[in-house]
Amino acid sequence: MTVREVLDLLFYGTHWQLVGATTGKKLCDNYNKKETREKYMDLRVCDQAISADFRVQKDSVVKSMTNYIRPMVTIWVSGK
């Protein structure tokens with residue numbers, strides 16, 4: 001299954017991020033430009049690599065305070 005196929009299964013407005021299965025680094029998310037997202041659309045997704053996660057926004061002044069927490073989907077991409 002490719003990244004594009006997985007994203008087509010999600011509801012509109014679902015927040016997501018792509019993570020490289022080899023490096024563990026964040027590659028892209030739904031906030032990136034369309035050109036950046038297109039680079040990853042045809043990559044293969046790892047088996048059983050779709051998980052629920054949270055995006056946590058910390059306060060810039062009071063570091064121990066959280067501004068918001070938003071649910072998101074993490075997709076692990078093979079070969080990156």
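The values are calculated or read from the model by the stated rules, or taken from the named source; none is laboratory data. Just so you know, these numbers come straight off a predicted model, no measurement behind them. Glycine also receives a Cβ, built like all others from the backbone with ideal geometry; neighbour counts cover every protein chain displayed.
Residue pairs whose Cβ atoms lie under 6 Å apart, separated by 6 or more positions or on different chains, with the first residue in the stretch 61-80 and free of Cβ contacts under 8 Å to residues at least 40 places away in the same chain and farther than 21 Å from residue 49 by Cβ and the second surrounded by 10 or more Cβ atoms within 10 Å (Cβ to Cβ) and of a type in the set (Phe, Trp, Tyr), are 69/54. Sub-6 Å Cβ pairs linking a first residue in the stretch 41-55 that is farther than 12 Å from residue 16 by Cβ to a second residue that is among the hydrophobic types (A, V, I, L, M, F, W, C) and assigned to a loop (DSSP other than H, G, I, E, B), at least 6 apart or interchain, are 46/21, ordered by first then second residue. Can you name the residue in the stretch 48-80 that is surrounded by 11 or more Cβ atoms within 10 Å (Cβ to Cβ) and among the small types (Gly, Ala, Ser) and is also farthest from the chain's Cα centre (by Cα) among such residues? So, considering only residues that are surrounded by 11 or more Cβ atoms within 10 Å (Cβ to Cβ) and among the small types (Gly, Ala, Ser), the one farthest from the chain's Cα centre (by Cα) is 78.
Applying a threshold of 9 Å to beta carbon distances and a minimum spacing of six or more residues, or different chains, the list of pairs starting in the stretch 1-23 at a residue that is at negative phi and in contact (Cβ under 8 Å) with a residue 60 or more places away in the chain and ending at one that is of a type in the set (Asp, Glu) and assigned to a loop (DSSP other than H, G, I, E, B) reads 3/42.
Out of everything in the stretch 35-80 that is at pLDDT 90 or above and touching a Leu at 6+ places or on another chain (Cβ under 7 Å), what residue ends up being farthest from residue 8 (Cα to Cα)? Among those that are at pLDDT 90 or above and touching a Leu at 6+ places or on another chain (Cβ under 7 Å), it is 77. Whether a residue is out of contact with any helix residue (DSSP H, G or I) (no Cβ under 6 Å at 6 or more places or on another chain), under 22 Å from residue 79 (Cα atoms) and at pLDDT 90 or above was assessed, and residue 19 passes this test.
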